[in-house]
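I have placed the structure first, in the form of structure tokens, so that the comments after it can refer back to it.
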Amino acid sequence: MTLRPDPSFYPSARLATEAPPEKLAYVVAIDPAGSLGERGGGADALTVVDLDPASAGYGTIATTIEAPNAGDELHHFGWNACSASLCPWAPNPHVERRYLLVPGLRSSRIYVFDTKPNPKKPSLVKTIEPHEIAHRAGYSRPHTIHCGPDGLYVNALGNPEGDGPGGIFILDCESFDVRGRWEVDRGPQELAYDFWWHLGYDTLLSSEWGTPKMVEGGLNPELLLGKKYGHRLHVWDLRRRRHVQVLDIGDEHQMALELRPAHDPTKTFGFMGVVVSVADLSASIWTWYRDGESWKIEKTITIPAVPADPAKLPPMLQGFGAVPPLVSDLNLSLDDRFLYVSCWGTGELKQYDVSDPRKPREVGSVKIGGIVDRTAHPKTGPLTGGPQMVEISRDGKRVYLTSSLYAAWDKQFYPDGVAGWMTKIDVNPGGGMAIDPKFLVDFGKRRPHQVRLEGGDASSDSYCYP
Amino acid sequence: MSWPWITLIALGAWHGVNPGMGWLFAVSRGLQERRGSAVVGALPPIALGHALAIALALVVVAVGRASVPLTALRWVTAAILIGFGLSRLFRHRHPRWVGMRVGFRDLTAWSFLMATAHGAGLMLAPLFVVDAARPSCHADAGVMLSGPLDYAAATVAHTAAMLAVAGLVALVVYHKLGLALLRRAWFNLDWLWALALVGAGVFAALAG
């Protein structure tokens, strides 16, 4: 407990855009052989990347903390506390943003790292074991973490047997004990992937990927062509923990993944990324919005597949003669103006102006990596992997990209391997962006996934005030 | 005005200043609805909930007065206050409740729960169990609050002070100071609040 609120808490996203530039990034990096259970596979790691331009180590990995076990597949992660602690109905502003909760998507362990006293050298202070999650909540394969006004929300892909339903469970924000399953009434929801909320409307949204059995062995072409992966957005009453509405975008659209609601709690729109359409391999972005008392969704961006020489394609795609964009991550700047879209297949990051959220306008693009193009970074030769996890600084001026998606899927789409890199993009205030030619972090044999910026970023915090 | 009444009103002002007792919620209602009248509209249910919490605590005190000797009640009150205050120094649990879209009933219930969970009513209890017949340093007025009229008047006076201060803070923050104030000036009142509870307990123990 502190005397004044943690200085990294901001009442509104608007105020958070005035935050000072980040000097560190926390990045999880997997050991692909370990994740795939191959011989000689090592442990994943939490790394700290130096982002202080005044530092001699700028743009390099300052610290690597290996997990004590191999094969966790560290994926997404989050803070113990964030700006949601300032919310008026459960004010708890004197806790600190201090601990990183890092789930293993494959092992179902959650590691808790303390970033104090030395933010450059976090230390492992607790491990939440899979059986505690299974026993208290009935879930496994924890995925997304969000700090809410009243506790830590974590969702999971499935049950301990690897089937559905996936769902959300709550962690105590001080002891990190598993409190239990969140849903009181899940209605027709079965699949899980991402979740977030509109705090001003007491509304939670969740998306659909597949159960652990549907994804852990890699993307299953039979399930994909059978349209068995997720294609629905679920709307929940956050207060009563009840399912209230299904928004089905149609089963030709497979894998409805990242959810990016407006940061301003008085706004009622957000964006959902869909990986692939089985009709034409295109990817799409959908805008949801509130209409009276219910919610609606419509397709607002289509990103087509690009014809390609089958000889340059992995076996899985050779029959199609085209490379799919494979939109795997999105992020929305804190001013709710720019939406960034990762096309991991085609090796492109797209920037859209979403001032009118139902009429996005493409205003920027950079190319790096890609299944066919393998576009080089100014500091390297041709690169494997593509823009995947995308994180935006609070002031909206810098965007960080990492290259790896998920070990089993990396192998299918990049059979020669995915290089482990993190790059930085500089954003023009009015739109448009460019790769920083001097910034490229090499992760060696590991592959980086999610980035969390010191003090918060565009997907770490929720706000109760406009 | 005699000291118990001044104390009641001063404690009302103190409760009003605490963002966890309601003014912050009133500000957020105004921001969410984008109109200042929503700030004002949130204040009556917040005050009503607070008053209900105070009234409940005083009913418990009255039942205690009717059933156990005053000295015993005084020591029990002191022990509860000191224990609760100390526990709040070390534990900072807040009740989990509602959300952002709240009506009159929700806000009343939220305010009642927050005041009760933080021991707002309990903090006033010593004023009702101190035996005025035995002279003490404060006994110049010789008043001990007793009887239904005193209880009702005490609830109203305390709540009016709480409402006045909470309303003033909410309106000044909404119209003049703005949200950025929360980052600079939101001092951790939990410690002071816990110390106030302990202080009230010590007073109950010593002022007999």
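The table below lists the values:
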| quantity | calculated |
| --- | --- |
| Among the residues listed as B:Ala57, B:Ala109, B:Ala51, B:Ala62, the single one being touching a residue at least 24 places away in the same chain (Cβ under 8 Å) and in contact with a Phe, Trp or Tyr (Cβ under 7 Å, 6 or more places away or on another chain) | B:Ala62 |
| Filtered residues of the stretch B:149-181 (kept if over 19 Å from the mean Cα position of the chain (by Cα), part of a helix (DSSP H, G or I) and without any contact (Cβ under 8 Å) to a residue 12 or more places away in the chain) | B:Leu149, B:Val172, B:Lys176, B:Leu177, B:Ala180, B:Leu181 |
| Residue match in the stretch A:288-305 (condition: in a loop (DSSP other than H, G, I, E, B) and at pLDDT 95 or above) | yes |
| Residue check, A:Val27 closer than 17 Å to A:Ser404 by Cβ, within 20 Å of the chain's Cα centre (by Cα), among the β-branched types (Val, Ile, Thr) and more than 14 Å from chain B (Cβ to nearest Cβ) | yes |
| Strands (runs of 3 or more DSSP E) enclosed by the stretch A:62-154 - at least 1 residues per element that are more than 14 Å from chain B (Cβ to nearest Cβ), under 17 Å from the mean Cα position of the chain (by Cα) and modelled with pLDDT of 95 or more | A:99-103, A:110-114, A:140-148 |
| Residues of the stretch A:315-331 that turn out to be touching a residue at least 12 places away in the same chain (Cβ under 8 Å), part of a loop (DSSP other than H, G, I, E, B) and loosely packed, with under 15 Cβ neighbours inside 10 Å, as a count | 1 |
| Selection from the stretch A:393-411 of residues that are buried (at least 24 other Cβ atoms within 10 Å of the Cβ) and closer than 24 Å to A:Ser333 by Cα | A:Ser393, A:Arg394, A:Val399, A:Tyr400, A:Leu401, A:Thr402, A:Ser403, A:Ser404, A:Leu405 |
| Every residue from the stretch A:269-305 that is of a type in the set (S, T, N, Q) and touching a residue at least 24 places away in the same chain (Cβ under 8 Å) | A:Ser277, A:Ser282, A:Ser284, A:Thr287, A:Ser294, A:Thr300 |
| Whichever residue in the stretch A:204-221 is over 20 Å from the mean Cα position of the chain (by Cα) and touching a residue at least 12 places away in the same chain (Cβ under 8 Å) and, among such residues, is surrounded by the most Cβ atoms within 10 Å (Cβ to Cβ) | A:Lys213 |
| Top-ranked residue in the stretch B:65-100 [being of a type in the set (D, E, K, R) and at pLDDT below 90; ranked as nearest to A:Pro88 (Cα to Cα)] | B:Arg96 |
| Residue list for the stretch A:241-266, filter: crowded, with 18+ Cβ neighbours inside 10 Å, under 18 Å from A:Ala458 (Cα atoms) and not acidic (Asp, Glu) | A:Leu257, A:Leu259, A:Arg260, A:Pro261, A:Ala262, A:His263, A:Pro265 |
| The stretch B:162-178, residues that are under 25 Å from B:Thr7 (Cα atoms) and crowded, with 21+ Cβ neighbours inside 10 Å | B:Met162, B:Leu163, B:Ala166, B:Gly167, B:Ala170 |
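The values are calculated or read from the model by the stated rules, or taken from the named source; none is laboratory data. The structure displayed is predicted, hence computed values, not measured ones. Ideal geometry is used to build each Cβ from the backbone, glycine not excepted, and the neighbour counts take in all protein chains shown.
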